[in-house]
Each structure stands twice: as structure tokens, then as C-alpha cells.
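Everything on this sheet refers to the single structure shown next.
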Amino acid sequence: MADKIVLAYSGGLDTSVAIPWLKDKGYEVIAVSLDVGQHGKQIENIQKKALKIGAIQSFIIDGKDEFAENYVSKVIKSNALYEGEYPLVSALSRPLIIEKLVQTTHDNNAVAIAHGSTGKGNDQVRFEAAIHALDPEMKIEAPIRDFQWSREEEIEYAHQHNVPVPINFDSPYSIDENLWGRSNEAGILENPWNQAPADAYALTSPVEDTPDEADFVDIEFKNGLPISVNDQEMKMADLIVYLNKLAGIHGIGRIDHVENRLIGIKSREIYETPAAAVIMTAHKDLEDITLEHDVAHFKPIIEQKITNLIYNAMWISPLFDALNKFIDETQKVVNGTVKMKLYKGTATAVARKSENNSLYSEKLATYTSANSFDEQAAVGFMKLYTLPATVYEQVNHIHSKEKEEI
């Protein structure tokens with residue numbers, strides 16, 4: 001009886017050609033597809049496709065709510081943008097996918113897990129680091145990487161084994177998608193001097209085709225997470241879907257980014273993240289009126305480290321867990337509502353309020369007669385604030401000497 005192997009199956013070219021390759025190697029293939037909100041894909045067709053190509057079983061796991069509530073939530077609370085631009089679309093789904101793969105492997109007495117990552121990508125590290133953490137003895141197969149197929153060879157192999165090739169030969173994009181957004185690479189995009197053509201985008205309208213009137217949405221947050229839009233409470237997954245559609249109509253969330261991959265090469269990526277652009281802008285804006293001065297200045301240091309840990313496949317690590325405890329503590333006061341203006345490719349916070357946690361005092365900030373700030377207190381503060389530098393200069397005469405030399 002042949003050994004069983006669980007394949008992380010997306011329905012795309014890489015994982016589709018992996019099925020006959022693994023069969024030729026002597027495995028019975030169990031295809032597992034995790035539905036984390038792939039836009040425009042008919043998940044049932046993916047399941048049927050795996051069986052048609054040769055998998056003995058094909059499982060579809062609905063992970064949308066778990067993905068939104070346990071994974072996307074961490075990115076929102078930590079304002080996580082890799083290299084200041086990328087809201088970790090693909091990197092964020094991998095830990096959940098791998099958790100389900102390992103669980104399916106154990107449930108079906110399989111001996112190995114297979115993935116469709118290449119040797120150039122980040123996903124090979126994300127898959128294998130998490131698999132090793134969850135089951136150190138698990139065998140791993142990586143057909144695309146280990147066989148070192150070129151794209152042309154892969155397509156030829158697909159034709160030889162009756163595997164459908166669902167790509168445009170003139171523009172063979174490699175696409176990954178989930179609730180939080182869409183990533184697109186390869187083909188014409190590999191040359192960073194090439195402008196991304198219209199067909200590189202699917203979730204967002206070009207700015208010239210967006211409405212001439214803005215949409216305004218009020219997003220309410222509780223403990224740092226969005227809970228309603230325009231007073232309508234929603235599960236986070238549904239809220240993201242709603243904002244993806246609305247913000248996408250306004251052309252919001254397009255990112256053309258040359259990023260530094262974990263393995264050391266640069267890669268040009270096209271991302272579309274309409275909901276992420278709106279939610280994360282609103283979240284940061286609400287933090288501006290609810291976080292205390294020192295917390296607000298220190299939190300970005302933690303945010304950057306968390307972002308890099310997610311991107312670099314370190315979701316399962318004691319440091320990641322510890323840093324998220326700090327983030328969760330800061331979010332206890334991030335409660336309130338932000339009014340967002342969606343217009344011509346931009347998501348702008350135009351108003352905000354927090355009934356119980358706002359640290360903004362209009363009486364202290366105003367320059368009118370309603371001002372309650374003690375101006376005289378500033379005189380003594382200036383003397384104390386500058387005291388260390390004043391004493392140092394008086395003793396050492398650093399700047400006085402420089403003047404004399406000039």
C-alpha cells in the first residue's frame with residue numbers, strides 16, 4: 001500500500017503539476033485547500049480539479065473567520081507593513097494553512113507534506129519552518145524547488161500529464177489571494193521598468209475610472225479591532241469583504257513594490273489591499289488620540305519587529321508571542337470611531353472620536369479664550385528641560401570654543 005502525502009493545493013499550475021509528480025514518486029496524494037477568502041475562485045472547482053488530476057482525496061477547509069480573527073487581527077493591531085508598504089497578505093495566511101496541513105496529515109495517517117514553493121521564494125521557508133516547529137519528524141516534499149523546473153518546463157510537463165494550464169502565455173502571472181488582499185508577480189512584472197498592465201489588477205479600479213464623488217464610512221474599533229461599519233456590526237471577515245469591494249471601486253490599495261525577500265533577492269510585486277488600506281489607516285489614526293505619548297513613540301519599534309517576524313516565517317516563536325502580549329496591552333484603550341473618506345485611490349481619515357479613551361483635550365489644545373493650559377508652567381519647564389545640556393555646555397564650553405575658532 002502506497003504512502004499518503006498531503007499536498008497544499010491552490011489549484012494553480014505549481015501545485016497542479018505536483019500531483020502527477022508525487023504520484024510518479026509513489027505517493028497517494030491528498031489535496032488540501034484552505035479557503036481564506038480567495039477572490040473570484042470557485043472553491044468547489046478547485047476540489048474537483050485536484051481529483052481529476054489524480055488526487056485520491058480533496059479537502060476544502062473553510063478558514064475565513066479563523067484567518068480574520070486570529071491572524072489578520074495581529075496585523076491590524078500592530079500596524080504591520082513590511083518595508084512600510086506591504087500588509088503581509090501571503091505571509092499572513094501561511095501559518096494557518098500549515099496548521100491545517102499538519103492536522104490533516106495526522107488525521108489521515110499520511111507520512112509527508114508537499115508544497116509548491118520554488119527555491120527563490122519566501123514560502124518555502126514559511127512552510128518548512130512551521131512544519132518543523134509543529135512536527136519535527138514530518139517529511140517534506142517540494143517538487144517545484146527540488147526538480148528545478150523552469151516555467152517553460154513546468155508547462156510542458158503539465159501538457160504531458162493532462163494538467164490544465166490556467167495562465168496567459170503572454171503574461172504568466174503567479175497570483176496568491178486571500179481576504180486581506182492579492183499578490184501578483186512574474187511575467188511582464190519581472191522587469192521593474194515595465195509598468196503593470198491593466199490585467200495585473202483584479203480587486204481595484206484604475207483611478208481614472210473611479211467615482212467622482214467620495215464615499216464616507218465610519219469604522220468603529222474595540223480593543224484595536226474593527227467591529228462595525230456605519231453602525232452596522234459585522235464579523236471581521238465580512239467587514240473586510242465589504243471594505244474590499246467598496247474601497248476597490250475607488251481604486252484604493254494598489255501597491256507596486258520591489259521588496260527584499262527573506263532569501264536575499266529583490267522581487268517586484270503588485271499588491272491589491274483595499275480593505276487593509278482603509279482599516280489600517282483608520283486604526284493608526286485612532287491610536288493617535290488614545291495612546292499615551294511614550295507608548296505611541298515606542299510601539300513602532302515593536303511593530304517593525306513583529307512585521308519582520310511574520311514576513312520571515314517566525315510566527316511560531318517565543319519572541320513573537322511575547323511581543324504580541326505588549327501589543328494586546330496597548331490595544332485595550334484603542335476604542336472609538338474613525339470617519340474615512342474614500343476617493344480617487346486614497347483612504348483618508350477625516351474625523352475621529354473616542355468616548356472613553358481619548359487623550360485629546362480641546363481645552364488644552366485650543367488657542368481661544370477657552371484655553372485651560374497654564375502658560376506660566378512652561379517657563380519653569382523650559383529651564384528644567386534644558387538643564388542637563390546647559391550644565392554640560394557651561395562646564396565644557398564645546399560650542400563656545402567652536403565659535404572662537406571660527
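At a glance:
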| read-out | value |
| --- | --- |
| Check on residue 285, crowded, with 16+ Cβ neighbours inside 10 Å, of a type outside the set (Gly, Ala, Ser) and either out of contact with any Cys (no Cβ under 9 Å at 6 or more places or on another chain) or in the same structural domain as residue 134 (by TED's automatic domain parsing) (or both) | yes |
| All positions within the range 212-242 that are outside any loop (DSSP other than H, G, I, E, B), out of contact with any strand residue (DSSP E or B) (no Cβ under 7 Å at 6 or more places or on another chain) and either modelled with pLDDT under 95 or surrounded by fewer than 16 Cβ atoms within 10 Å (Cβ to Cβ) (or both) | 222, 232 |
| Which listed residue, of 229, 217, is without any contact (Cβ under 8 Å) to a residue 60 or more places away in the chain, assigned by TED's automatic domain parsing to the domain that holds residue 271, closer than 24 Å to residue 344 by Cβ and of a type in the set (A, V, I, L, M) | 229 |
| Tabulated pairs, the range 127-144, first in contact (Cβ under 8 Å) with a residue 40 or more places away in the chain, second of a type in the set (Lys, Arg), C-beta under 8 angstrom, 6+ apart or interchain | 127/94; 130/94; 141/25 |
| Subset of the range 347-364 that is surrounded by fewer than 18 Cβ atoms within 10 Å (Cβ to Cβ) and under 30 Å from residue 248 (Cα atoms) - its residue that is nearest to the chain's Cα centre (by Cα) | 348 |
| Checking residue 205 against (1) of a type in the set (Gly, Ala, Ser); (2) in the same structural domain as residue 276 (by TED's automatic domain parsing); (3) over 24 Å from residue 63 (Cβ atoms); (4) touching a residue at least 60 places away in the same chain (Cβ under 8 Å), the condition it does not meet | (4) |
| Residue 279 farther than 28 Å from residue 220 by Cβ, of a type in the set (A, V, I, L, M) and either part of a helix (DSSP H, G or I) or in contact (Cβ under 8 Å) with a residue 40 or more places away in the chain (or both) | no |
| Filter result for residue 96 (surrounded by 23 or more Cβ atoms within 10 Å (Cβ to Cβ), not acidic (Asp, Glu) and not assigned by TED's automatic domain parsing to the domain that holds residue 183) | no |
| Positions within the range 23-79 being under 28 Å from the mean Cα position of the chain (by Cα) and small (Gly, Ala, Ser), in sequence order | 31, 33, 37, 40, 50, 58, 63, 68, 73, 78 |
| Count - residues of the range 307-342 that are of a type in the set (Val, Ile, Thr), in a helix (DSSP H, G or I) and closer than 17 Å to residue 284 by Cβ | 4 |
| Top-ranked residue in the range 136-151 [being part of a loop (DSSP other than H, G, I, E, B) and buried (at least 16 other Cβ atoms within 10 Å of the Cβ); ranked as modelled with the lowest pLDDT] | 149 |
| Qualifying residue in the range 152-170 (condition: surrounded by fewer than 17 Cβ atoms within 10 Å (Cβ to Cβ), at positive phi and either at pLDDT 85 or above or not in a strand (DSSP E or B) (or both)) | yes |
| Count - residues of the range 262-303 that are under 26 Å from residue 322 (Cβ atoms) and not hydrophobic (A, V, I, L, M, F, W, C) | 12 |
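Per-residue answers, yes or no, for (1) out of contact with any helix residue (DSSP H, G or I) (no Cβ under 9 Å at 6 or more places or on another chain); (2) of a type in the set (Ser, Thr, Tyr); (3) at pLDDT below 85; (4) part of a helix (DSSP H, G or I):
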| site | (1), (2), (3), (4) |
| --- | --- |
| 349 | no, no, no, no |
| 359 | no, no, no, no |
| 363 | yes, no, yes, yes |
| 393 | no, no, yes, yes |
| 400 | no, yes, yes, yes |
| 404 | yes, no, yes, yes |
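The values are calculated or read from the model by the stated rules, or taken from the named source; none is laboratory data. Just so we're clear, the structure is a prediction, and the values are computed from it rather than from any experiment. Cβ: placed from backbone, ideal geometry, glycine included. Neighbour counts: every protein chain shown.
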